[in-house]
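The block underneath contains the structure these notes are about, expressed in structure tokens.
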Amino acid sequence: MTSDGMHSDRGEWSSKLGFILAAAGSAIGLGNIWRFPYVTGQNGGAAFLILYLVCVLLLGLPLMVAELTIGRFSRRNPVGAFEAIKQGSWWKIVGYLGVLTGVCILSYYTVMAGYTIGYIVKTLVGNDTTFESFTSNAWLSLPLFLLFSVLTVLVVHGGVKNGIERWAKILMPVLLFLLVVLIIRSVTLEGAGRGLSFYFKPDFSKVTGKTLLAALGQAFFSLSLGMGAMITYGSYLSKKDNLVTSGCFVALFDTMIAVMAGLVIFPALFAMNMNPAEGPGLVFQVLPRIFPQLPGGNIVGAAFFLLLAIAALTSTISLLEVATAYLVDEKHWLRRKAVWIVAAVSFGLGLPSALSQGIVPALGDLPLPGGGSFLGFMDWLFANVMLAAGAILISIFFGWVWKMKSAAEEIRQGYPNVGKLLTAFDIMLRFVCPALILVVLIYLFISIG
Ligand code: PHE
């Protein structure tokens, strides 16, 4: 039962720690461990890392606090949240876009997540088929996709406290532990030093406009911003909790895990004389070639993919939760029914993505942005375009429509002495976020041509 007694069917996190782990679980995912290292590798290493950290701090953090505040104030899913703050306005369309984006990201993200489960077994038994032949095997990728979809449903089924929070509390510490083990293994390899200097010694001559754009896009995706996932998770926060410090912890953990993932990948990569700019296949193609060369390589490799699967699961549950919360809050569906139906829709939407990785060649070679495959196109459209569009709209809504003056009342509950920090967030949300994201969106559309 919530404290206001009005929406007693809604859940609430049992503690601030429970929320932080669940929200960090949403943020930490394939984005950190699969996407971050390959984007960093493609963009020159250390200089990209610094730009990324700046984006997280200046744009990600204010937007994170803005989403959490909108959520907790309204205690609603994204659609209901915009409606609660600005009744009868078209702003709730931003909420609908968020629900749609969540279901669509879930569709192809779960395909990738399914591969991680396959790779746990593949690495453990030392099977050395290539990534392409793995993904083009329909008898492997489709059942794994289905399996991961069902796992996600089973967790979200349990609701906020007994589903999402309980599993995040178990899974997140396991993930941290596995990462530390892998870092120790990686940095003690012979030749690891060159990887460390690639990762930590910046060469700013390599920085271009494209580097900045990549850093910004990666920051939104990685922090789960721009589609209302943090609005939804914020809606289950208690009024006693401090929104600013909670948001800071989530951003800090997310960034820490990404940086740690780089510490696993780059030293090992350089120790094996491999190319850091390999692209999206980096984790799936390069690492399995590295593991067999390590003592206990099969186990280390399987542990790595287990970690990737765990991180992906705590993200898919948040992607599913957004649409579920919408149906439960607004349409008064039973959670059980909402979860299965959304997951089924997302599974259907994900089929062309799953088939586009070698099973149906025509779906892998489309005249569309995002590298040509249907999955690449979905990632381009929803992770790049829609998250950026969502982020710009949310920052404008917060800064210019709801306004910091009203939002500050909500933030001060749980953080009475927030003070000057709000002025800084206000400036970021009103001017810096919209301007920078606009540049990114314009660039995205120019780059299609
Ligand atoms: N942040 C997740 C990751 O890094 C992906 C995600 C994006 C999850 C948007 C929810 C919402 O993998």
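The values are calculated or read from the model by the stated rules, or taken from the named source; none is laboratory data. Everything numeric here is computed off the predicted structure, so don't read it as measured data. As a convention, Cβ positions derive from the backbone with ideal geometry for all residues, glycine included, and neighbour counts pool all protein chains shown. Only protein heavy atoms, including side chains, enter the accessible area calculation; ligands, DNA and RNA are left aside. Shrake-Rupley method; radii C 1.70, N 1.55, O 1.52, S 1.80 Å.
Across the accessible surface of the chain, with the other protein chains kept in place and a 1.4 Å probe, carbon and sulfur atoms take up 68 percent. Extending 7 Å from the Cα toward the beta-carbon at both SER238 and ASP365 defines two label points whose distance is 5.9 nm. ASP379 sits with roughly 20 Å² accessible to a 1.4 Å probe, with DNA, RNA and ligands left out of the calculation.
Over all other residues within a Cβ to Cβ distance under 14 Å of ALA46, the charged ones net out to +2, with Lys and Arg as +1 and Asp and Glu as -1.
Here the calculated FRET efficiency for LEU154 and LYS403, from their Cβ-Cβ distance with R0 = 41 Å, stands at 0.50, rounded to the nearest 0.05. Annotation: PHE347 carries an accessible surface of approximately 50 Å², with a 1.4 Å probe and no ligand, DNA or RNA atoms counted. Listed by chain and number, the lysines whose C-alpha is less than 29 Å from the C-alpha of LYS169, apart from same-chain residues fewer than 8 away, are LYS16, LYS122, LYS161, LYS239, LYS240, LYS337.
Between ASN275 and LEU147, the distance separating the two model label sites (each 7 Å from Cα on the Cα→Cβ line) works out to 3.2 nm.
Charge tally around SER14: other residues with Cβ under 10 Å, Lys/Arg +1 each, Asp/Glu -1 each, net +2. Taking amide H as placed 1.01 Å from N in the peptide plane, the amide H of SER373 sits under 5 Å from that of LEU366, each at least 5 places away or on another chain. Under 20 Å Cα to Cα from LYS201, which lysines show up? Leave out anything in the same chain fewer than 8 places away. Candidates past the 8-residue exclusion: LYS210. Charge tally around GLY158: other residues with Cβ under 12 Å, Lys/Arg +1 each, Asp/Glu -1 each, net +2. Specify the angular offset, from 0 to 90 degrees and rounded to the nearest 10, of the alpha carbon long axis of helix 243-271 from the longest principal axis of the alpha carbons in the chain. Around 10 degrees separate the two axes.
Dimensions of the chain from C-alpha coordinates, computed as largest minus smallest value along each principal axis and given longest first, are 58, 48, 44 Å.
Mind checking the per residue accessible area of the chain for me, 1.4 Å probe, whole number of Å²? Please report the intermediate quantities before stating the final value.
Numbers: 17150 Å² over 449 residues.
That works out to 38 Å² per residue.
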